[in-house]
Amino acid sequence: MARVSDTPRFTASLVDRHWLAPGILELRLTRPVEIDFIPGQFMRFAMDGYERDYTMVSTPDAETIDFCVAVVDGGRFSRDILRADIGKRFQLTGPHGHFVFQGPANPAVFVATGTGVAPFVAFCRSGVGVDAGLLLHGVDTPDRLIYREIFQSTLRDYIPCISRPFENRDSVERAYSGRVTGYLKQQLTPGTYDFYLCGRGTMIRDVTELIDDHFSDSRLFIESYD
């Protein structure tokens, strides 16, 4: 990981902050004209005494740079962003990361849990990989299916994977009851794929083992946010 001191530093101001779901915020910041990024990359917030990385959910040519942030009880960034006034200036470095679409060598399977869908939002908004993409979004309850409308209207295929029992199943189109690992093992047709995994390390570990066992000729691209 590059150090903050090794990369260009930009200043961006908070334009808007709104809730996407319980415990999940979207931040909108002014976009410095010098910033150029590829969908799937992230920026590093250089805070007072600590750093945090967040993937852009906006397109490279948008007027703002937008981020999806999980609010964590007791988290330093969560506390600071909730207290921040509109217009507050943040120091950013980047772009960082190589979790970008690698081309249609094989059918793409995007796998995310929680706010790990952020790079796939940028993919969809930028028209990257949407024709070949299947997205599995793992959440515990339907109210955490952030950006669902974008995925449903853009991707070739979108499957919400909901791990907890919930009522009114008809309200969530094509929902799978269980984790993303269960869908991959039970529902995905055998073949060779390009897997893009973004989420917690435990999910990435479990899915990687499953891919090794069931889809061994596939390519694998990983972004962990532990």
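Mind listing the long-range amide H neighbours of Leu135? Cut-off is under 5 Å, sequence gap 5 or more, other chains count too, H placed in the peptide plane at 1.01 Å from N.
Phe110, Asp157, Tyr158, Ile159
To the nearest 20 debye, what is the magnitude of the charge dipole of the chain about its Cα centre, counting +1 on the Cβ of each Lys and Arg and -1 on the Cβ of each Asp and Glu?
So the dipole magnitude of the chain works out to roughly 400 debye.
Over 26 Å, how big is the tail of the calculated P(r) for the chain, in percent of all Cα pairs?
Counting pairs separated by more than 26 Å, the tail of P(r) holds 36 percent.
Order the peptides 39-45, 177-183 from the highest to the lowest mean number of other Cβ atoms within 10 Å of their residues.
39-45, 177-183
Which cross-chain or sequence-distant (5 or more) residues have an amide H under 5 Å from the amide H of Gly178, H modelled 1.01 Å from N in plane?
When sequence neighbours closer than 5 places are left aside, the close amide H contacts are Ile162, Ser163.
Cα centroids of the range 160-223 and the range 114-143: how far apart, whole angstrom?
12 Å
Given the range 4-95, report the % of alpha carbon pairs whose separation exceeds 14 Å.
64 percent
Going highest first, how would you order 144-150, 65-71 by mean Cβ packing within 10 Å?
Highest-to-lowest ranking by the protection proxy: 65-71, 144-150.
Could you check the simple spin-label distance between Arg89 and Ser163, using points 7 Å along Cα→Cβ, in nm with one decimal?
4.2 nm
Which of Ala118, Ala132, Ile86 sits farthest toward the positive end of the charge dipole of the range 81-226, with +1 on the Cβ of Lys and Arg and -1 on the Cβ of Asp and Glu?
The residue sitting farthest along the positive end of the dipole is Ile86.
Could you tell me which of rounded, prolate or oblate describes the range 90-159, using a ≥ b ≥ c as the square roots of the eigenvalues of the alpha-carbon gyration tensor, with rounded for a/c under 1.5 and, failing that, prolate when a/b is larger than b/c and oblate otherwise?
It comes out oblate by the Cα gyration axes.
If neighbour count is taken as other Cβ atoms inside 10 Å, put Asp85, Asp206, Asp36 in order from fewest to most.
In increasing order of surrounding Cβ atoms, one gets Asp85, Asp36, Asp206.
Any idea what log10 I(q)/I(0) is at q = 0.16, 0.17, 0.18, 0.23 Å⁻¹ for the range 108-224, Debye with uniform C-alpha scatterers and no solvent?
Results for the range 108-224 at q = 0.16, 0.17, 0.18, 0.23 Å⁻¹ read -0.69, -0.78, -0.88, -1.45.
Report, by chain and number, residues whose modeled amide H sits under 5 Å from the one on Asn106, excluding near sequence neighbours (fewer than 5 apart, same chain).
Distant-sequence amide H within range of Asn106: Asp194.
Tell me, how many Å apart are the Cα centres for the range 37-76 and for the range 85-103?
The two parts, judged by their Cα centres, are 5 Å apart.
Restricting to DSSP H runs of at least four residues, report the calculated mean residue ellipticity at 222 nm for the chain, -39500 (n - 2.57) per run over all residues, nearest 500 deg cm²/dmol.
For the chain, the value works out to -5500 deg cm²/dmol.
Mind listing the phi-derived Karplus ³J(HN,Hα) values for the range 88-101, rounded to whole Hz, using 6.51, -1.76 and 1.60 with θ = phi - 60°, and x for any glycine or proline?
Residue by residue, the range 88-101 yields 4, 9, 10, 9, 10, 10, x, x, 10, x, 10, 7, 10, 5 Hz.
For the chain, with a Gaussian network of springs between Cα atoms less than 10 Å apart, report the residue from Gly127, Gly201, Gly75 with the top mean-square fluctuation.
Among Gly127, Gly201, Gly75, the largest mean-square fluctuation in the Gaussian network model of the chain belongs to Gly75.
Relative contact order for the chain: what percent, with Cα pairs under 8 Å and sequence separation of 6 or more?
Value for the chain: 18 percent.
Taking θ as phi - 60°, what are the ³J(HN,Hα) couplings along the range 155-163 by the Karplus curve (6.51, -1.76, 1.60), each to the nearest whole Hz, with x for Gly and Pro?
Result, ordered by residue: 7, 4, 8, 9, 10, x, 10, 10, 7 Hz.
Between Pro165, Pro95, Pro142, where does the largest GNM mean-square fluctuation fall for the chain, given springs only between Cα atoms within less than 10 Å?
Highest fluctuation of the listed residues: Pro165.
No lab work stands behind these numbers, since they all come straight from the coordinates. The structure displayed is predicted, hence computed values, not measured ones. All Cβ positions, even for glycine, are placed from backbone atoms using ideal geometry, and neighbour counts span all protein chains on display.
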